[in-house]
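The block underneath contains the structure these notes are about, expressed in structure tokens.
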Amino acid sequence: MDESFCRNSQSGYDFEAHWNNTYRKIPVNSLGWFEAEPKPTMELIKRCNLPKDALIFNAGIGASTLINELIAANYSNLIVNDISASALVALKQQIGNNKNTAIQFIVDDLTNPSEVLLKLKNVDLWNDRAVLHFFTTKEQQNAYFKLLKNAVKVEGYVILAEFNLQGAKKCCGLDVVNYNEEMLQENLGNDFKLLQSFNYTYTQPSGNTREYIYTLFQRTA
């Protein structure tokens with residue numbers, strides 16, 4: 001990783017350039033967060049028992065194989081978001097042409113969203129794997145959760161999978177915030193009920209491991 005891209009996030013860091021640079025320089029299947037089979041997330045999605053036309057918002061998805069899995073499972077109403085246009089170009093190439101699934105691609109910053117994301121409503125499932133933990137300032141975190149709460153419908157679901165308290169303190173040269181279920185619950189507030197939580201050891205393509213906490217919440221009010 002180019003060390004010029006490793007400045008502190010509170011110093012006006014250009015995250016868009018960082019992630020575009022990452023996806024241009026490193027093959028997708030060599031990235032530290034690449035999952036050939038995103039089993040933990042798919043298991044939580046299956047527990048939600050969503051209709052196949054449910055609106056699923058994938059936050060900071062990058063070029064995840066999860067979208068292929070959702071298409072294969074016949075989910076037909078997907079929104080994919082990332083701050084990196086390069087990531088979504090790679091994702092489009094990976095998916096190919098599938099006329100049975102409506103996929104909306106949104107290049108945008110979850111902590112400084114454009115009008116498109118601000119108008120997002122009636123989301124049945126908000127899915128975030130390894131995105132929230134990159135938002136290290138309270139301002140970024142507040143903006144993220146404000147957007148989430150504005151978008152997710154009552155009885156909708158939220159999956160947050162982040163580095164747990166025993167997890168890495170940096171990723172891709174950037175500082176991260178480590179979470180447990182109580183911290184995530186506090187940020188979501190009383191309108192969200194925790195349905196499931198578990199720790200998970202993820203093995204990177206390099207063979208190194210990363211410790212995650214996976215959580216599933218449902219909005220109750």
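Find all pairs meeting these conditions: Cβ atoms under 6 angstrom apart; at least six residues apart or on different chains; first residue within the range 148-170 and crowded, with 16+ Cβ neighbours inside 10 Å; second residue assigned to a loop (DSSP other than H, G, I, E, B) and modelled with pLDDT of 95 or more.
Pairs found: Ala151/Leu120; Phe163/Val176; Phe163/Asn178; Gly167/Asn178.
Just to be sure before I move on: is Tyr179 under 21 Å from Pro38 (Cα atoms), crowded, with 16+ Cβ neighbours inside 10 Å and in contact (Cβ under 8 Å) with a residue 60 or more places away in the chain in the structure I sent?
Answer is no for this residue.
Mind listing whichever residues of the range 110-122 are in contact with a helix residue (DSSP H, G or I) (Cβ under 7 Å, 6 or more places away or on another chain) and surrounded by 13 or more Cβ atoms within 10 Å (Cβ to Cβ)?
Leu110, Thr111, Asn112, Pro113, Leu117, Leu120
In the range 143-167, what count of residues is obtained for those that are in a strand (DSSP E or B) and of a type outside the set (Ser, Thr, Tyr)?
Here the count works out to 12.
Could you name every one of the helices (runs of 4 or more DSSP H) located completely within the range 28-131 that has at least 1 residues being more than 26 Å from Leu195 (Cβ to Cβ)?
It comes to 85-95, 115-118.
The values are calculated or read from the model by the stated rules, or taken from the named source; none is laboratory data. Remember, it's a predicted structure, so these values are computed and weren't measured experimentally. Backbone-built Cβ (ideal geometry, glycine too); neighbour counts: all protein chains shown.
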